[in-house]
Amino acid sequence: MKKIAILGSTGSIGTSTLAVAEQFPDRFKVVAIAGGNNRELLESQIRRFRPSLAAIADAKAAESLRKKCNDMKVRIVSGVEGMIEVATAEAADITVSAIVGTAGLVPTIAAIQAGKDIALANKEVLVTAGELVMAESRRWNVRLFPVDSEHSAIFQCLHSGQRGDVKRLILTASGGPFRNHSKDDLTKVRLAEALKHPNWSMGRKITIDSATLMNKGLEVIEAHWLFGMAPEQIKVLVHPQSIVHSLVEYRDGSVVAQLGMPDMKGPIAYALSYPERLPDVSPSLDLASIATLTFQEPDRDLFPCLGYAYDALKAGGSMPAVLSAANEVAVRYFLEEKIGFLDVPRVLKLAMEAHAPVSFKTVDEVLKADLWARREAEKIIADRGLRIAY
Ligand code: NAD
Ligand code: MG
């Protein structure tokens, strides 16, 4: 029986993780869960999965959750300390890191330092502090299993050969809902359209990141840290059907791909059960009915966020953290319908231009750069008078 702690249990990845645990009750036991502020969902998850520990972000919400759950044997904690308790829960063998954004960094590092294997969905953790996270994982002899579908695919494809024989990684991208838009069309994009991802149902932030291609940019940086590849060895291809989840090209010219229906339960289950494969996790792939798989180069002029991620990776040090934090702010403003779709890349570019990268030795230094970038992004939005204009 593998015991699981879940950070972000009320989110898209969190609920899919619980669905996997529910499908295989003889294999997985959920021992600790943490959610942001959805008290009702957290309570129903506690009733259903009976973890001994649960965390909620807000202390007041924790109080009312405690009252609601007083008929069960569960300890309710709150705040960052609470997230850390869940991440490091003594009973857990593996911690699923599925909080969105930098908020997941401190608990994820705590889990690593407590010797927990990590099923990593939260890509911002690696984008923001990749060098530190990888160094801590080595130091505590912890394994990071990718949950992001592209990285799970690469992880699987890498089993076909030796690391030294890998020529490059090819990450696929759906291209998002605006793949065929013109620049003029993009100026008129509304929030509701940006939230309609063609193939995946995900949290709001990553859905917007997919529409701007920032998500793929963040994934390039994630792949760099997970697989130790140089930026020039990581290529992105738009593949609108989202069936080929990613590919590895070996030096002999052979290319190994991983395919499957777009369903996050696949990569989640693989991260939890590796090296074993569990039965009937995702629907079977019927290639004859899909019939056509297409690939094209991403349009980097129309979607500059992808290029910014390569620029940040090459600049190194704190630059990817600044890109990621400024993006969190810009996406929040876009989600609140305060700035337009094309303002998002604008904010990122200006924040990066205003930053001189430094190298990180501690998590506190990472958090300092993160805070600087958030303030800078807010300032850019205010100073430039960025606001939505349809
Ligand atoms: P989501 O918004 O659906 O869920 C986020 C979770 O984090 C929720 O449980 C929320 O309550 C919690 N949370 C948010 N802020 C918090 C805070 N300050 N403190 C504590 N908890 C907080 O997001 P998601 O789509 O599940 O994505 C989670 C992560 O996984 C992201 O980093 C995303 O990039 C990554 N990811 C998601 C998918 C997907 O299919 N959804 C695929 C690949 C990677
Ligand atoms: Mg992905």
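The values are calculated or read from the model by the stated rules, or taken from the named source; none is laboratory data. Computed from a predicted structure; not experimentally measured. For neighbour counting, all protein chains shown are included, and Cβ atoms are generated from backbone atoms with ideal geometry for every residue, glycine included. For the accessible areas, the whole protein counts, side chains as well, though only heavy atoms, and no ligand, DNA or RNA atoms are used. Shrake-Rupley method; radii C 1.70, N 1.55, O 1.52, S 1.80 Å.
Scanning residues 5 or more positions from Val236 or on other chains, those with amide H under 5 Å from its amide H are Leu171, with H placed 1.01 Å from N in the peptide plane. The mean sequence distance of close C-alpha pairs (under 8 Å, at least 6 residues apart), as a share of the length of the chain, puts its relative contact order at 15 percent.
Contour minus end-to-end for Ser289 and Ser254, with contour as 0.36 nm per residue of separation and end-to-end as the Cα-Cα distance?
Values: separation 35, 0.36 × 35 = 12.60 nm, distance 2.63 nm.
Net length gain for the segment: 10.0 nm.
Got a number for carbon plus sulfur as a percent of the chain's accessible area, 1.4 Å probe? Accessible surface attributable to carbon and sulfur in the chain totals 50 percent.
Which of the listed residues, Thr17, Ser44, Leu126, is farthest toward the dipole's positive end in segment 2-142, when Lys, Arg count +1 and Asp, Glu count -1 at the beta-carbon? Among Thr17, Ser44, Leu126, the one farthest towards the positive end of the dipole of segment 2-142 is Ser44. Model label points for Ile388 and Glu40, set 7 angstrom from Cα along the Cα-to-Cβ axis, are 2.5 nm apart.
Among Asp263, Asp71, the order of accessible area from largest down is Asp71, Asp263, computed with a 1.4 Å probe on protein heavy atoms.
Would you be so kind as to identify which of Ala321, Ala32, Ile243 lies farthest towards the positive end of the dipole of the chain, taking Lys and Arg as +1 and Asp and Glu as -1 on Cβ and the Cα centre as origin? The Cα lying farthest towards the positive end belongs to Ala32.
So what is the diffusion coefficient of segment 2-142 in µm² per second by Stokes-Einstein at 37 °C and 0.692 mPa s, using a Kirkwood Rh over Cα pairs? Mind showing how you got there, number by number?
Values: Rh = 14.6 Å.
For the chosen part, D equals 224 µm²/s.
Here the peptides 266-276, 1-11 are ranked by packing, the mean other Cβ count within 10 Å, and the order with the highest first is 1-11, 266-276.
A compact globular protein would have a Cα radius of gyration near 2.2 N^0.38 Å; the ratio found for the chain is 0.96. Using a Cα-Cα cut-off of under 16 Å, which aspartates and glutamates could be cross-linked to Lys216, ignoring same-chain neighbours fewer than 8 residues away? Counting by Cα, and skipping residues close in sequence, Lys216 has these aspartates and glutamates nearby: Glu124, Asp148, Glu150, Glu232, Glu297, Asp299, Asp301, Asp311, Glu328. Here the extension length gained between Lys73 and Lys338 equals 91.0 nm, from 0.36 nm per residue of separation less the Cα-Cα distance. What segment 77-136 shows is 27 Å² of accessible area per residue, with the surface traced by a 1.4 Å probe over protein heavy atoms. For a paramagnetic label modelled on Asp280 (point 7 Å from Cα along Cα→Cβ), amide N atoms under 20 Å away belong, within segment 1-27, to 16-27. In a simple Cβ point-charge model (Lys, Arg +1; Asp, Glu -1; nothing else charged), the chain has a dipole of about 640 debye relative to its Cα centre. Charging the Cβ of each Asp and Glu at -1 and of each Lys and Arg at +1, and nothing else, the dipole of segment 17-168 about its Cα centre rounds to 200 debye.
Restricting to DSSP H runs of at least four residues, report the calculated mean residue ellipticity at 222 nm for the chain, -39500 (n - 2.57) per run over all residues, nearest 500 deg cm²/dmol.
-14000 deg cm²/dmol
Hydrophobic, long helices, defined as DSSP H runs whose alpha-carbon span along the helix axis is 18 Å or greater and whose mean Kyte-Doolittle value is at least -1.0, occur in the chain at 123-139, 214-227, 319-335, 363-383.
Given a Förster distance of 22 angstrom, what is the FRET efficiency for Asp301 paired with Glu193, based on the Cβ-Cβ distance and rounded to 0.05? After rounding to 0.05, the efficiency reads 0.60.
Report the relative contact order of segment 2-142, percent, no decimals, based on alpha-carbon pairs under 8 angstrom and at least 6 residues apart. Numbers along the way, then the final one.
Numbers: 279 pairs, mean separation 33.7, N = 141.
Computed over segment 2-142, the figure is 24 percent.
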